[in-house]
Amino acid sequence: MTDATEVTFRLALLKRDPDLLADTAKALTDIGFDVNFDGSRGLMLTGPKSLAEQIFSSNIEVDDVAPRFEEEPRTNLLPDSVKYTVYFPSKPTSF
């Protein structure tokens, strides 16, 4: 897998916050991700694997089943007080 490989994954807020979700979507779009709203508390993100690794401070491992973050993905795009999860869904479906 090369750095040019694109990955699709979900960022889900554990608590609904439409304003924060919109701000996060804009920030992620501005840095190069294709962002789609996924329900009222989630975003589906598509972008270069290397960018995802950089923004979420975790390497992405790819095997025969699905990609996964090697460490717990964290980003400084969201305030520390915001609880969220970032993961590769087995099937990219909406909440």
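Coordinate-derived values only; no laboratory data. These numbers come from a predicted model, not from an experiment. Every residue, glycine as well, gets a Cβ built from its backbone with ideal geometry; the counts of neighbours run over all protein chains shown.
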>> So in segment 53-82, with the set limited to residues that are among the small types (G, A, S) and more than 24 Å from P18 (Cβ to Cβ), which one is farthest from the chain's Cα centre (by Cα)?
In response: A66
>> I'd like the full set of residues that are in contact (Cβ under 8 Å) with a residue 40 or more places away in the chain, under 20 Å from F69 (Cβ atoms) and not in a strand (DSSP E or B), limited to segment 15-44.
In response: T24, A27, L28, D38, R41
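Results for (1) of a type in the set (S, T, N, Q); (2) surrounded by 14 or more Cβ atoms within 10 Å (Cβ to Cβ); (3) within 15 Å of T85 (Cβ to Cβ), shown as yes or no for each residue.
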{"residue": "T8", "(1), (2), (3)": "yes, yes, no"}
{"residue": "L11", "(1), (2), (3)": "no, yes, yes"}
{"residue": "L14", "(1), (2), (3)": "no, no, yes"}
{"residue": "L20", "(1), (2), (3)": "no, yes, yes"}
{"residue": "D23", "(1), (2), (3)": "no, no, no"}
{"residue": "A52", "(1), (2), (3)": "no, yes, yes"}
>> Restricting to segment 1-12, name every residue that is assigned to a strand (DSSP E or B) and over 11 Å from the mean Cα position of the chain (by Cα).
In response: E6
> Within the set of pairs 6 or more residues apart or between chains, which connect a residue that is within 14 Å of T5 (Cβ to Cβ) inside segment 55-70 to a residue that is among the polar types (S, T, N, Q) and part of a loop (DSSP other than H, G, I, E, B) with Cβ atoms less than 7 Å apart?
Replying inline: A66/S90
